[in-house]
């Protein structure tokens, strides 16, 4: 099977392109059909995955590549979010004196978007959980190094989680985790992975068990960072063994909320949980903590009709052992990291130096300070290896949108963050690939970006961006 999505909306297909869905009456995985309202429903024809005959039989009904509309996907994702009571934090835009913060670089110019909420020292909690019948081969020390070491290379990773966030913030953020000793759950693993119990139910039960046990042993919760609701800001959970569930069942890896659960005087908010397996890779952990500690949205399309930001953004397709940085709009404007150069006051035809592989980028902003072009110079090495091609990458951002507005590329509907692909093919929007060598502005490719090129440099409302 091929699975796309997250805890809010998931789409599953066979390798032959047939959509699968869980039958609400039998709990079996069945081939999907579309009803008169455009909803995906069960055909009652069970999928076994044992051979191709059943798929050939189903093919006669011409029910291939069934997908729900963007509107329905948005509605269902919204309902899931409301059900999970996920509270999004508002961006803090206060400018503070950065010279007093330890381990920070000296800024050449203050970042007008700087927010202390996303900088300095942030401490999360990482819970390790065994089961009476399943034990992990990964030690507490190995996970501690994975989270916190400044010279980490185990399992082929390019640094630890801590090192990743230091690198992509220019040392503005020092994110560490307190890694606990293994807690052994009260029940065998099958209890928590029961596919008949709604996802999140047994996961939160398991996490609450571990937190209660930690409290009984005198753990100092005051050392953990709080969010703006005074809740513990980040709880990461690794559980022993493999990923035993199908999508959206049991302990299927996900990010949700503990919804204000209290242990003693400590209140908890968001968490992310995944299986530990037999090796550790930082990509997914960094992506999920982009949500937990930085409040970044996903930049992939939940419908998978488009590729979102593709391979160029942590919050789209993070990678495994060497995840790419978040897009420069997120890191320069939403997180307020770096020393971005505001380009609006530059004289026409002047030369601008954009140094390669920097946290900081060049920002050209609309007068409403809501819409931006952000330019970065990428050499496809180090943290940027996943880009594949060196050159200038030009991003178009709109604070009021999200990446589920898909590929319409109109003033009314467009991504929150999109890459201006230099070859003008819009492969990301049309889901042709997750990025290719034609996307960068470089020698041997496109070198001009202005109001009459494809893509063009106009604002979304069609006005010319140049001053």
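The values are calculated or read from the model by the stated rules, or taken from the named source; none is laboratory data. The shown structure was predicted, so the numbers you read here are calculated from the model rather than taken from an experiment. Cβ atoms come from the backbone with ideal geometry, glycine included; neighbour counts cover every protein chain shown.
Results, tabulated for the structure shown:
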read-out	value
The one condition in (1) assigned by TED's automatic domain parsing to the domain that holds residue 196; (2) in contact (Cβ under 8 Å) with a residue 12 or more places away in the chain; (3) closer than 27 Å to residue 118 by Cβ; (4) out of contact with any helix residue (DSSP H, G or I) (no Cβ under 8 Å at 6 or more places or on another chain) that residue 308 fails to fulfil	(1)
Enumeration of residues in region 167-198 that are assigned to a helix (DSSP H, G or I) and surrounded by fewer than 19 Cβ atoms within 10 Å (Cβ to Cβ)	167, 190, 191
Enumeration of residues in region 311-323 that are surrounded by fewer than 24 Cβ atoms within 10 Å (Cβ to Cβ) and touching a residue at least 60 places away in the same chain (Cβ under 8 Å)	311, 317, 319, 321, 322
Within region 290-305, tally of residues that are out of contact with any helix residue (DSSP H, G or I) (no Cβ under 7 Å at 6 or more places or on another chain) and over 21 Å from residue 435 (Cα atoms)	5
Checklist (1) touching a strand residue (DSSP E or B) at 6+ places or on another chain (Cβ under 7 Å); (2) more than 30 Å from residue 439 (Cβ to Cβ) applied to residue 255, failing item	(2)
Residue within region 354-361 that is crowded, with 21+ Cβ neighbours inside 10 Å and in contact (Cβ under 8 Å) with a residue 60 or more places away in the chain present	yes
Failed condition for residue 463, given (1) in a loop (DSSP other than H, G, I, E, B); (2) out of contact with any strand residue (DSSP E or B) (no Cβ under 7 Å at 6 or more places or on another chain); (3) in contact (Cβ under 8 Å) with a residue 12 or more places away in the chain	(3)
Region 247-298: number of residues that are surrounded by 20 or more Cβ atoms within 10 Å (Cβ to Cβ), assigned to a loop (DSSP other than H, G, I, E, B) and at pLDDT below 90	4
Criterion: touching a strand residue (DSSP E or B) at 6+ places or on another chain (Cβ under 7 Å), under 21 Å from residue 173 (Cβ atoms) and modelled with pLDDT of 85 or more - qualifying residue of 375, 394, 342, 363	363
Count of residues meeting criterion [within 21 Å of the chain's Cα centre (by Cα) and either at pLDDT 95 or above or surrounded by 21 or more Cβ atoms within 10 Å (Cβ to Cβ) (or both)] in region 232-246	8
